Every structure is written in C-alpha cells, then in structure tokens.
1. What FRET efficiency comes out for the pair residue 49/residue 130, r = Cβ-Cβ distance, R0 = 45 Å, nearest 0.05?
2. Assuming R0 = 45 Å, what is the FRET efficiency of residue 154 and residue 42, from their Cβ-Cβ distance, to the nearest 0.05?
3. Can you compute the label reach from residue 6? Point 7 Å from Cα along the Cβ direction, backbone N cut-off under 12 Å, restricted to segment 61-95.
4. Would you work out if segment 2-100 is rounded, prolate or oblate? Take a ≥ b ≥ c from the square roots of the eigenvalues of the alpha-carbon gyration tensor; rounded if a/c is under 1.5, else prolate when a/b is larger than b/c, oblate otherwise.
C-alpha cells in the first residue's frame, strides 16, 4: 500500500470542496457495486477550486464485492492520512483511488507514484529471462486490444517452472498510452529485478506465484 498526499498549506479547503470530496468518496464505494471495476466522476462547486475530480480502478480479475471492499479501505486511509489535501492518490495491490482539484483525467504521466516490489525467486537462466519478457509483451499486446486494457496468464519455463503475469492500465489512457506506460514499466522490471512495478496509471506483475485476492 502507498499514499501520496499533496498538502494544501497556502489555502484552506473550502466547505464546498470538502462537501464535494465527501460526496465523491461515498459515490465511488457504492458505484463499485455495479461498475466494471473502474469509473471516474467530477463534482463541481460554486467556484472552480471547489471542483473535485476522482477516479478509481480495481485489478481486472477481482470481483465487484472485493473491489468495493478494497476501495472502502482506501477511502478510510485517504481520510486518515491526507486530511487537508487538495489532491492525493492511494494504491493497494488490487485497487487505487486518485482525486484532485485539477483535471488529471486527460493528463498522462508515467513519472509519478511509482513503487516496486522485489521478486522472491530469481531466474538464473538468461533464456528464462527472455522468455518472461516475451510473454509479458504478449500480454501487453492483448491488453491494448481490449477495452478493459488488462490481461493475465501463465506460462512455463524450459525447466517446467510456471510463471504468472498481469498487465493493466487505467482505462482512461487508451491503447496507445497504455502500451507506452506498460513498455516503460517492463523495462524497469528488468532493470530492478522486481516482480511488480506500479504507477498511478498502469501495472506490470510477474512472479512464480499467482497474485490473489
């Protein structure tokens, strides 16, 4: 789990912004009951600074009830950890939430909010490394051809060991930006020998055990 809070030290959060923010958090946990694990909303106020932009996304293979549970835990943490922030982002393994008083929905960035987790088992054979990278790239190709912008699966190394992979983008990106983000992360997985790297807008996961909710 990670949290990034942008504290507002020069301006006090208006009561209208706080009302919109509370309403957005209530909306997203209820919306997850019927959505496809992703949505965004804009709550406007009397002044431009009172507008709240919010987006949530759950991992593509979790069901609605678990998505809602993950988002509920996330909203509680947001309120606790970012009590006076005009924008923030929080991510768990299976969901993330981002909100701001600025419209971030149309702005694409692969530079913020990255974290990585080291793998628990190394691949010593270079052939296995290449096979893993090729398989992850095949997942990227499939993911960027679907509206859900995610794909997952498993394959076997030459010694019979199984490997699992998952790629996913926040669905407002579109296929081209999703592919760009995932390819960037895949390069960093190789550089850092990580099993999972996540940005605010996309995720790459590869390991010898399947990630499960």
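1. Numbers: r = 51 Å, r/R0 = 1.13.
It comes to 0.30.
2. Working: r = 39 Å, r/R0 = 0.87.
My answer for the efficiency is 0.70.
3. Hits in segment 61-95 for residue 6 at 12 Å: 85-89.
4. In terms of gyration-tensor shape, prolate.
Since every read-out is calculated from the coordinates, none of them should be taken as a lab result. Keep in mind the model is a prediction, meaning the values are calculated, not measured. Here Cβ is always computed from backbone atoms with ideal geometry, including for glycine, and neighbour counts include all displayed protein chains.
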